[in-house]
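The values are calculated or read from the model by the stated rules, or taken from the named source; none is laboratory data. Keep in mind that this is a model prediction, so the values were computed, not measured. With ideal geometry, Cβ positions are generated from the backbone for all residues, glycine too; neighbour counts draw on all protein chains shown. Just the protein is used for accessible areas: all its heavy atoms, side chains included, with ligands, DNA and RNA removed. Shrake-Rupley method; radii C 1.70, N 1.55, O 1.52, S 1.80 Å.
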Amino acid sequence: MTVKKIVGKLHLWLGLASGLLVFVVAITGCILAFEQEIKSIVRPFQYVEPVANGVVLPPSRLQAIAEKQVPGKPAKGVNYGALGHSVNVPFYGVNPDYYVQVYLNPYTGEVLSVVDEETDFFHFILHGHYYLWLPEEIGQPVVAYGTLVFTILLITGMVLWWPKKWSRSNRDKSFKVKWKAQWRRVNYDLHNVPGFYALFISLVLAITGMIFGIQWLGNSIYWTTSGGKTMPDYQLPLSDSTQARRYANPTDRLWQQFYKNKTETASLYISCPERASESISVSINHRPGTYYKTDYYTFDQYTLKALTGEGPYFGEYATAGFGDKLRRMNYDIHVGAILSLPGKILAFCASLICASLPVTGFIIWWGRRKKKVLKPQRRVAKAQAV
């Protein structure tokens with residue numbers, strides 16, 4: 001067998017084995033591409049009328065109001081959006097799983113909405129995208145390694161697409177869909193041509209997706225891009241619970257320190273420690289709608305001493321190394337948000353094409369299979385006629 005035939009067999013059987021998984025992950029990715037834009041329309045309580053020189057309530061007040069809406073559950077933190085946005089206070093935990101967000105007016109403390117995110121449509125789609133609606137310990141590796149198989153399919157597909165000769169007719173076949181041909185030919189072109197045009201973006205989506213689920217791959221990329229550094233496990237430093245508490249409301253004091261210096265377009269999140277040893281996290285997102293351009297700070301809840309940690313998600317973005325910045329960007333690259341709306345459109349189109357590839361590929365295989373079955377029957381019929 002020639003190399004191209006071997007590649008063809010590999011492409012066929014890997015495609016048949018992973019087709020359904022690729023379709024589900026890709027189509028859910030399409031739906032998630034414009035999640036924020038859709039929620040900005042269907043969730044008007046995310047916005048409030050800005051008050052000129054208005055006094056914004058501190059986190060302790062907003063936390064107390066929100067916790068009355070979710071009895072028996074502790075607030076994880078208080079998230080102050082950019083100017084004109086409401087404050088949201090998240091509550092989440094496991095056994096049983098729950099995830100609730102309380103939206104508040106930052107000036108008055110008025111409860112604007114209480115949202116059970118576990119029943120949200122996009123939360124459901126996200127679980128399908130991450131875990132195929134299976135238990136996490138089963139679904140995550142299935143999706144991660146299924147994406148690795150899809151990456152191999154993209155590469156083998158490129159090998160099969162590559163013309164033997166770059167003649168004019170071959171270029172037309174490789175870069176154009178022959179819409180006036182029979183439907184089988186149109187289907188064949190719809191498998192090859194859009195697949196080629198979406199190849200680079202599809203590879204980026206696949207690789208950034210695998211970084212979430214395949215630890216050795218993520219660690220290898222981090223090691224390569226950071227100059228040989230080992231990716232440390234994410235672990236927040238602890239507060240020194242032997243110290244006497246110096247401030248009655250440490251979260252309020254930190255909030256005052258950071259909120260007055262943040263720009264109107266930035267968002268601020270401050271955590272609410274639940275345990276005696278837990279530290280307080282403060283993050284300033286300078287580009288809401290994305291996550292990478294965020295400064296992370298950690299403080300002792302008793303002394304407000306600044307604590308340090310290791311890894312990409314500590315410290316200021318501007319001072320982070322290339323490997324740390326790239327790791328922070330991974331999610332925003334994966335969803336296209338790194339390029340704002342045009343990037344999301346590209347991610348949506350590439351995901352839609354990826355979802356179509358298993359369908360058109362299966363039709364190609366089924367059509368060839370039927371031809372192989374029909375050929376011997378025709379020979380028998382001719383022999384009988386003679």
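Among the residues of region 109-117, at least one is under 30 Å from L83 (Cβ atoms), in contact with a Phe, Trp or Tyr (Cβ under 9 Å, 6 or more places away or on another chain) and open to solvent by 60 Å² or more (accessible area, probe 1.4 Å). Which pairs have Cβ atoms under 6 Å, sit 6 or more apart or on different chains, and link a residue in region 82-103 that is farther than 17 Å from K39 by Cα to one that is modelled with pLDDT under 95 and surrounded by 19 or more Cβ atoms within 10 Å (Cβ to Cβ)? Here the result reads none, with nothing in region 82-103 linked to a residue that is modelled with pLDDT under 95 and surrounded by 19 or more Cβ atoms within 10 Å (Cβ to Cβ). When the residues of region 307-362 are filtered to those that are of a type in the set (S, T, N, Q) and part of a helix (DSSP H, G or I), the one that is farthest from R185 (Cα to Cα) is T319.
Within the set A248, A276, the sole residue that is among the small types (G, A, S), without any contact (Cβ under 8 Å) to a residue 12 or more places away in the chain and not in a helix (DSSP H, G or I) turns out to be A248.
With respect to the numbered conditions (1) loosely packed, with under 15 Cβ neighbours inside 10 Å; (2) more than 25 Å from the chain's Cα centre (by Cα); (3) at pLDDT 95 or above, which one is the sole condition not fulfilled by I138? The number of the failed condition is (2). Every test in (1) touching a strand residue (DSSP E or B) at 6+ places or on another chain (Cβ under 8 Å); (2) open to solvent by 50 Å² or more (accessible area, probe 1.4 Å) is passed by A66 save one, and that test is (2). Whether any residue in region 254-262 is surrounded by 16 or more Cβ atoms within 10 Å (Cβ to Cβ) and in a strand (DSSP E or B) is what I want to check. No - not one qualifying residue is present in region 254-262.
Among the residues of region 13-45, those that are over 24 Å from D120 (Cβ atoms) and not β-branched (V, I, T) comprise W13, L14, G15, L16, A17, S18, G19, L20. For region 231-243, the criterion of being hydrophobic (A, V, I, L, M, F, W, C) and more than 30 Å from I138 (Cα to Cα) is satisfied by at least one residue. Taken as a whole, the condition of being part of a loop (DSSP other than H, G, I, E, B), open to solvent by less than 50 Å² (accessible area, probe 1.4 Å) and farther than 25 Å from L307 by Cβ applies to G228.
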